[in-house]
Amino acid sequence: MKKRLFTFLSCNLFFLFFLAAQDSSKTIETKKLQNQDNPKSIKINNKNLPIIESLLPSRSNVVFKEYQSIIESNSKAIRAGREPEILFFLYKNTENFTFQALAARCCITQETLATLNQIDNGQQDIKNKELILPVVNGIFIPSQNEKTLNSLETLLQENYLKTGNQILTKDYFYYNINERDYLFLQDKRFSSIERAYFLDSALQLPLDKNAFWISSEFGKRKNPFSQEEKNHNGIDLAAPEGTPVYAIKDGAVYVCVPNDKEFGNYVILSHDTGKTTSVYAHLQSFTVEQYQTVKKGEIIGYVGQTGMATGPHLHFEIRQGGKPENPRQKLKLDEKSSL
């Protein structure tokens, strides 16, 4: 440890970080979390973290070499039954690594990087994203005080923070990072269900990529029939009548409703044990039944203009915890998809 600190000081690259680590009032402070049995929480100040400029090895890349050295020392310490050093580094992915390539280059598990940096699927684009790089593997789970969660975080909270879960003990620390409190489960890996969810959580388009254009956006708009300004809780994908409609993700059919006055024939799918739902409305017809399981990409119906529709289109919604979210963002649709 003394040798490492000497390296920090001699290189002048970690001087501020080293001083801050010695002064708990600057980088690390302990605070008591509300409604938690464990009062131990360490606050990480991002401004004082050492910055890794590149993940490409070279003689001049001293910070990355030190990062790799700490990870190797921690692995040996854990195998020997000793406590590892808990440090964090900062890196901006201007080198355009994929998520998988970045994890491999850092010698850190994908679940560690993903849960610390709010990455909810393995296909997420992380180009130019600023990332916090830890030096110990494990899972970071937002505390129950955190209410703004992605779908993976919701799943982890339910699996680990519910009353009666015996995996939690008072020996665990919470880390406050980017103003969020995380429980850190050292050396914990995703369960088979969590891993499958993480690897397959990217959404498929409900229509073939070149088969539609967005005729109405998410948000406030004038209702084409009443002329009243109302919230439009989804997007309208204009397409020829009879165009196949696909399930965006594995799930189950929550309801199939024929001849609704407003939505015509519509289907609602439930995903991730009910945490996410998707709505497909104005269908010419649907090909599924209530409670049927569906796979991502399976045809569930065909574009129509049933109900209150001015022309053939798919009204499509995504709801997270019952709250409507912008499907354009969830499906990563660019501006070229608009009229």
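For LYS249, the conditions (1) closer than 25 Å to ASN210 by Cβ; (2) surrounded by fewer than 18 Cβ atoms within 10 Å (Cβ to Cβ); (3) basic (Lys, Arg) all hold with the exception of (2).
Looking across region 190-225, the residues that are surrounded by fewer than 18 Cβ atoms within 10 Å (Cβ to Cβ), touching a strand residue (DSSP E or B) at 6+ places or on another chain (Cβ under 9 Å) and under 18 Å from GLY311 (Cα atoms) come down to ALA211, TRP213, SER215, GLU217, ARG221, LYS222, ASN223, PRO224. Contact map, region 204-218: residues that are without any contact (Cβ under 8 Å) to a residue 60 or more places away in the chain paired with residues that are in a loop (DSSP other than H, G, I, E, B) and surrounded by 15 or more Cβ atoms within 10 Å (Cβ to Cβ), Cβ distance under 8 Å, separation 6+ or inter-chain. Pairs shown: ASP208/THR243; ALA211/ALA239; ALA211/THR243. Considering (1) open to solvent by 30 Å² or more (accessible area, probe 1.4 Å); (2) in a loop (DSSP other than H, G, I, E, B), the lone condition that PRO258 does not fulfil carries the number (2). Scan region 279-292 for residues that are open to solvent by 30 Å² or more (accessible area, probe 1.4 Å) and among the hydrophobic types (A, V, I, L, M, F, W, C) and the total you get is 1.
Residue count for region 214-240 under the criterion of being under 23 Å from LEU203 (Cα atoms) and charged (D, E, K, R): the result is 2.
Would you point out the residue of region 165-189, among those that are among the β-branched types (Val, Ile, Thr) and open to solvent by less than 60 Å² (accessible area, probe 1.4 Å), that is modelled with the highest pLDDT? Per the stated criteria, the residue is ILE177. Among the criteria (1) in contact with a helix residue (DSSP H, G or I) (Cβ under 8 Å, 6 or more places away or on another chain); (2) surrounded by fewer than 21 Cβ atoms within 10 Å (Cβ to Cβ), the one THR276 does not fulfil is (2).
Might you check whether a residue that is part of a loop (DSSP other than H, G, I, E, B) and among the aliphatic types (A, V, I, L, M) occurs anywhere in region 214-227? No; the residues of region 214-227 include none that is part of a loop (DSSP other than H, G, I, E, B) and among the aliphatic types (A, V, I, L, M). Count of region 246-260 residues, restricted to those that are modelled with pLDDT of 95 or more and of a type in the set (D, E, K, R), is 1. Among the residues of region 227-245, those that are surrounded by fewer than 17 Cβ atoms within 10 Å (Cβ to Cβ), closer than 19 Å to GLU217 by Cα and charged (D, E, K, R) comprise GLU228, GLU229, LYS230.
Of all the listed residues (GLU335, GLU317, GLU289), the sole one being at pLDDT 95 or above, among the acidic types (Asp, Glu) and within 29 Å of the chain's Cα centre (by Cα) is GLU317. Of all residues in region 281-337, those satisfying the criterion of being under 20 Å from ARG221 (Cβ atoms) and either of a type in the set (Ser, Thr, Tyr) or assigned to a loop (DSSP other than H, G, I, E, B) (or both) are GLN305, GLY307, MET308, ALA309, THR310, GLY311, PRO312, ASN326, LEU333, SER337. Under 21 Å from the mean Cα position of the chain (by Cα), in contact (Cβ under 8 Å) with a residue 12 or more places away in the chain and within 30 Å of ALA114 (Cα to Cα), is that true of ASP250? Judged against the criteria, ASP250 is a match.
The values are calculated or read from the model by the stated rules, or taken from the named source; none is laboratory data. In this text, all values refer to a predicted model and were calculated from it rather than measured experimentally. Here Cβ is always computed from backbone atoms with ideal geometry, including for glycine, and neighbour counts include all displayed protein chains. For accessibility, only protein heavy atoms count, side chains too; no ligands or nucleic acids. Shrake-Rupley method; radii C 1.70, N 1.55, O 1.52, S 1.80 Å.
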